[in-house]
Amino acid sequence: MEKILITGNHLTVEDVVRVARGNCEVILSGEAENNIIKSREVVEEFIKEEKVMYGITTGFGKFSDVVISHEDIERLQRNLILSHSCGVGEPLPEDVVRAMMLLRINALAIGCSGVRLETVKTLVEMLNKGVHPVIPEKGSLGASGDLAPLSHMVLVMIGEGEAFYKGERLPGRIAMERAGIPTITLHAKEGLALINGTQCMTSIGALTSFDAEILLKSSDIIAAMTLEALRGIRDAFDERIHRVRPHEGQMKTARNILRLIEGSELTTRQGDIRVQDAYTLRCIPQVHGASKDALGYVRKVLSIELNSVTDNPLLFSDTKEVLSGGNFHGQPVALAMDFLGIALSEIANISERRIERLVNYQLNDLPPFLTKKGGLNSGFMIAQYTAASLVSENKVLAHPASVDSIPSSANQEDHVSMGTIAARKAKEILFNATNVLAIELFAASQAIHYRGKARLGRGTERAYELVRSLIEPIEEDRIMYTEFNKCYELISSGKLLRTVEDSIGNLEI
């Protein structure tokens, strides 16, 4: 299997996915190893000179004015990890934990953190051999970085805490022994360098943004199917309309829809049936496009954060200086994650309104609730309820976390980002939004069934055939949630998108 070379400067979201979900192994570049060694030499030199340096020869947070004796330096770093392991809640998913380990390795590889090469290689070995620390999902303020989550990661490195290894949840020391990885003793600066950073929020954000791209492309496919099912007007997607308001996402979405419905016998021209469609059809480019542009911003922020040093203090080996700053503050990621959550909520919002147009016989010429024997059968009545419930929950979750701050460490750390909460919310919103789109996919396919043998567009036909390969049209009421789950899997796995793109080429994002 190809290995990903860690340099500290070239990691991408796609690399994160390959390591976190594809178990791709990683290896440190020679340059990264040299940078780590040079940075450590500065720490060792300063310790010999007995210089006062934050977190190396002093306490942490409000205790930064307490000088630590030379003989207590290692104990200081161990105590830091033990005392900061304060997470609560369910363990983070394996892919998030693997991403956290990868991002911490990449940040340390830049060579501004002062850790030993042996310490970084221990984390590399854990990642490559599948020792995954048990990291509770809650407890981070997002400044000074993700202290609690990262502390749980480091616990296993020193033989404490718990880890998953080959499907078992084990004491950390046992997991390391079974994997054949020696535990370490933290030396000066190392504990702080390992836990002071934004790797938890950034890991969740990177994986969520990757999945969001699949969802946003898929939302164009599903919306195009609904457009056909409702005999929508294709003129609204004319390039001339979007050229005079040239938001990038808007123009891309309009082009996607036209490619998807090319050759359709179901879409209409303005004036054929009606002059204008409702906003949920006519404004697909404007709404979907705005969310795509938001995702573009999020990906830009994450690309920077993936390849950044986010601990404190920072060591600069070329000038042999140690500088205290605030790169651990998660505000850039916090804002981006709140923005991503809002953008995904809007995709679900407009999808639910399209579902309503599909099931409400007062708004279309289809059977009420997409069932022929209404009354005896309820059809898709409660499917819309579920979509509405998910959309309502998203509205609560979309309230920004980044506007909140509770001072900590006796007011020394008096403004925090709540970025990890923002990232976790965005992930949950993505789950809800994907389920709403799954319901629309199911409902649009049912509505298309009632249109008889009319030819679909080049792209939507492939999508409809894929759904039909798994789900028969609803003739009599049957259990619905199992069908929702099939549609959810088609979207979240990327199979719906791949099937359509195999036919018409890649959709724009």
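The values are calculated or read from the model by the stated rules, or taken from the named source; none is laboratory data. Quick caveat, the model's predicted, so the values are computed rather than measured. In this analysis, Cβ positions are derived from the backbone assuming ideal geometry, glycine residues included, and neighbour counts consider all displayed protein chains.
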| request: Please name all residue pairs, on different chains or six or more residues apart, with Cβ atoms under 9 Å, provided the first residue is in region 378-402 and is farther than 24 Å from Ala422 by Cα and the second residue is at pLDDT below 95. | output: Gly379/Lys372; Gly379/Lys373
| request: Would you please name the residue that is nearest to Gly145 (Cα to Cα), looking only at residues in region 300-333 that are crowded, with 21+ Cβ neighbours inside 10 Å and among the charged types (D, E, K, R)? | output: Asp311
| remark: Heads up, the helices (runs of 4 or more DSSP H) in region 383-496 (entirely inside) with at least 3 residues that are aliphatic (A, V, I, L, M) and under 18 Å from the mean Cα position of the chain (by Cα) are 419-449
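If you check Leu102, Leu11, which single one turns out to be within 18 Å of Val154 (Cα to Cα), buried (at least 18 other Cβ atoms within 10 Å of the Cβ) and not assigned by TED's automatic domain parsing to the domain that holds Asp414?
Leu102
Could you please let me know if Thr319 is of a type in the set (Val, Ile, Thr), modelled with pLDDT of 95 or more, assigned by TED's automatic domain parsing to the domain that holds Thr420 and not in a helix (DSSP H, G or I)? Give the derivation first.
Details: of a type in the set (Val, Ile, Thr): yes; modelled with pLDDT of 95 or more: no; assigned by TED's automatic domain parsing to the domain that holds Thr420: yes; not in a helix (DSSP H, G or I): yes.
So Thr319 fails the test.
Sort through Ile214, Ile204 and tell me the only one that's assigned to a helix (DSSP H, G or I), crowded, with 24+ Cβ neighbours inside 10 Å and in contact with a Ser or Thr (Cβ under 9 Å, 6 or more places away or on another chain). Let's see the steps before the verdict.
Numbers: Ile214 fails: crowded, with 24+ Cβ neighbours inside 10 Å.
That would be Ile204, the only listed residue that is assigned to a helix (DSSP H, G or I), crowded, with 24+ Cβ neighbours inside 10 Å and in contact with a Ser or Thr (Cβ under 9 Å, 6 or more places away or on another chain).
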| request: Being of a type in the set (Lys, Arg), within 28 Å of Val301 (Cα to Cα) and surrounded by 22 or more Cβ atoms within 10 Å (Cβ to Cβ) narrows it down to one of Arg424, Arg354, so name that one. | output: Arg424
| task | Within region 143-153, identify whether any single residue is on the phi > 0 side of the Ramachandran plot and in contact with a Pro (Cβ under 7 Å, 6 or more places away or on another chain), and answer yes or no. | result | no
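Residues are listed down the side, and each one gets a yes or a no for (1) polar (S, T, N, Q); (2) surrounded by 14 or more Cβ atoms within 10 Å (Cβ to Cβ); (3) touching a Gly at 6+ places or on another chain (Cβ under 7 Å):
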position	(1), (2), (3)
Arg21	no, yes, no
Glu45	no, no, no
Thr57	yes, yes, no
Arg75	no, no, no
Ser83	yes, no, no
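A quick yes/no check of all residues on (1) outside any helix (DSSP H, G or I); (2) on the phi < 0 side of the Ramachandran plot; (3) not β-branched (Val, Ile, Thr):
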position: Lys51; (1), (2), (3): yes, yes, yes
position: Tyr54; (1), (2), (3): yes, yes, yes
position: Phe63; (1), (2), (3): no, yes, yes
position: Glu71; (1), (2), (3): no, yes, yes
position: Glu74; (1), (2), (3): no, yes, yes
position: Gln77; (1), (2), (3): no, yes, yes
position: Ile81; (1), (2), (3): no, yes, no
position: Gly89; (1), (2), (3): yes, no, yes
position: Asp95; (1), (2), (3): no, yes, yes
| remark: Residues of region 273-299 being surrounded by fewer than 23 Cβ atoms within 10 Å (Cβ to Cβ), small (Gly, Ala, Ser) and more than 13 Å from Leu230 (Cβ to Cβ), in sequence order, are Ala290, Ala294, Gly296
| message | So, Lys3, is that one closer than 29 Å to Met126 by Cα and touching a strand residue (DSSP E or B) at 6+ places or on another chain (Cβ under 6 Å) or not? | response | yes
| remark: Only unsatisfied item for Ala224, checking (1) surrounded by fewer than 20 Cβ atoms within 10 Å (Cβ to Cβ); (2) closer than 16 Å to Ile350 by Cα, is (1)
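Mind checking which residues of region 145-169 are hydroxyl-bearing (Ser, Thr, Tyr) and in a helix (DSSP H, G or I)? Show your work before the answer.
In the first step, residues of region 145-169 are kept if they are hydroxyl-bearing (Ser, Thr, Tyr); the result is 151, 165.
Within region 145-169, just Ser151 meets the criteria.
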| task | Go through region 61-120 and give me each residue that's of a type in the set (Val, Ile, Thr) and at pLDDT below 95. | result | Val66, Val67, Ile68, Ile73
| task | List the number of the failed condition for Glu476; all other conditions in (1) of a type in the set (D, E, K, R); (2) touching a Gly at 6+ places or on another chain (Cβ under 9 Å); (3) surrounded by fewer than 20 Cβ atoms within 10 Å (Cβ to Cβ) hold. | result | (2)
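Yes/no per residue for (1) surrounded by fewer than 21 Cβ atoms within 10 Å (Cβ to Cβ); (2) under 27 Å from Ile504 (Cα atoms); (3) modelled with pLDDT of 95 or more:
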site	(1), (2), (3)
Gln362	yes, no, yes
Gly379	no, no, yes
Ile382	yes, no, yes
Tyr385	yes, no, yes
Ile406	yes, no, no
Leu430	no, yes, yes
Ile439	no, yes, yes
Gly457	no, yes, yes
| Filter result (part of a loop (DSSP other than H, G, I, E, B), touching a Ser or Thr at 6+ places or on another chain (Cβ under 8 Å) and not β-branched (Val, Ile, Thr)) within region 221-263 | Arg231, Gly232
| task | Show the residue pairs that are 6+ apart or on different chains and have beta-carbon atoms under 6 Å apart, the first residue being within region 237-263 and at pLDDT 95 or above, the second being outside any helix (DSSP H, G or I) and crowded, with 23+ Cβ neighbours inside 10 Å. | result | Leu260/Gly457; Ile261/Thr267; Ile261/Gly457; Glu262/Gly457; Gly263/Gly457
